[in-house]
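Contents: one structure, followed by commentary.
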Amino acid sequence: MHASQLITVLDGQLNDLAARIDAQGHTLVRQSRFDPLVFSTRGNRLGDYLSESRATLSHLTSAVEQGRTERVAWLAQRLTDQMLALTRELATQKLRQERPSTASAEDVYARLAECQDYERRLLAMIRDRDSLRSAADGLPRARRLQQEIAALEGRLMRCRQALTRLEYQIERRESGE
């Protein structure tokens, strides 16, 4: 397929995608749903990402006119990835709208209990590794145990952040917000 034909086909597909996005409306999303390698945009509407795809198509057209074949290949792949990502997101929009956005109180309390249990187990694992490290007979073993302790402490930090978020969520729910 010649490059100009490729651009024409991609432009048509992008216009079809734009029509589908317009048909579904421009609903706000709370967080970005796309890989930063696919989109550099951090918008909260699908139209924001569609605009980036249009810009990619424009860059692709310029690269074709300049005869930059490597850039053309890269931009064509990027545009294809962007269009696939938008198509997948459109396909899941209905599912996202049907899924309840707030978890039930029982779910939040169950996740809180699960995180508390995980925190307890992580603390026990850190204590165990620390005692093994203290009694280690060689430097390589002590270093390996220290690395394990560091990894466990990272997990513990993330666990405690999750606990804080869950506790905040429970507080907000109980205060009626």
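Per-structure values
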quantity: Verdict on residue 137 being open to solvent by less than 90 Å² (accessible area, probe 1.4 Å) and either of a type outside the set (A, V, I, L, M) or modelled with pLDDT under 90 (or both); calculated: no
quantity: Check on residue 127, exposed (fewer than 15 other Cβ atoms within 10 Å of the Cβ), in a helix (DSSP H, G or I) and out of contact with any Phe, Trp or Tyr (no Cβ under 6 Å at 6 or more places or on another chain); calculated: yes
quantity: Pair list, Cβ under 7 Å, 6 or more apart: the range 163-177 residue under 14 Å from residue 110 (Cβ atoms), other residue open to solvent by less than 80 Å² (accessible area, probe 1.4 Å) and basic (Lys, Arg); calculated: none
quantity: Top-ranked residue in the range 140-153 [being among the basic types (Lys, Arg) and within 24 Å of residue 119 (Cα to Cα); ranked as most open to solvent (accessible area, probe 1.4 Å)]; calculated: 143
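The values are calculated or read from the model by the stated rules, or taken from the named source; none is laboratory data. Predicted model only: the values in this text are computed from it and were never measured. We place every Cβ from the backbone using ideal geometry, glycine too, and count neighbours over all the protein chains shown. We work out accessible area using only protein heavy atoms, side chains counted, and drop any ligands, DNA or RNA first. Shrake-Rupley method; radii C 1.70, N 1.55, O 1.52, S 1.80 Å.
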